[in-house]
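Read the structure below first, then the notes.
Bear in mind these aren't lab numbers, they're just calculated from the coordinates by the rules spelled out. Just so it is clear, the structure is predicted and the values come from calculations on it, not from any experiment. When we count neighbours, we look across all protein chains shown, and the Cβ atoms used for this are built from the backbone with ideal geometry, even at glycine.
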Amino acid sequence: MNRILLVITAVLLSSVAIAAQKAPAYDAELAKRLGGNDNGMRMYILCILKTGPHDADFKGKERDDIFAGHMANIVKMADAGQLAVAGPFGKNDKSWRGLYIFTADKVEDAEKIVISDPAVKAGVFVYDLVPWFGTAAMMIVNETNKKIMKPAQ
């Protein structure tokens, strides 16, 4: 019985200690800089890149060049502040190849950006664009990623 009381007391004290911790301080300046609303959210445009009609048309160096351009374009978009997040999908049965989350407010603005991608221009990828509401903290993903990515050797 004493052990049960000891466990219950420990759990209650832990709960009280957790509840007593202060919530993180709201940083109005950061929220404004990132474009966040009162809930820390903002509008983005989600882009799903899918296998395009000309994906199989390119082989060898030509395909390598298209994908080198695709990767360079991702860096360019991120550095320009147009892209919050990008990355490939794992193997799937939807023909989904990757995603972009653009910092644009309108689909039309994101479309102007995505058509600059060499893989889209070549028809290796096609895209779907849709407005998406998410955390404004995604606006600092790229600057954070530069701090955790080892330089190429």
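Computed quantities for the displayed model
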{"quantity": "Peptides 34-40, 113-119 ordered by average Cβ neighbours within 10 Å, highest first", "calculated": "113-119, 34-40"}
{"quantity": "HN-Hα J in Hz across region 38-53 - Karplus 6.51, -1.76, 1.60, θ = phi - 60°, x for Gly and Pro", "calculated": "4, 9, x, 10, 8, 8, 10, 10, 8, 10, 9, 8, 10, 4, x, x"}
{"quantity": "Entries of 59/121; 32/150; 106/147; 59/147 with Cα pairs more than 28 Å apart", "calculated": "32/150; 106/147; 59/147"}
{"quantity": "Ranked list, fewest to most other Cβ atoms within 10 Å of each Cβ, for 103, 135", "calculated": "135, 103"}
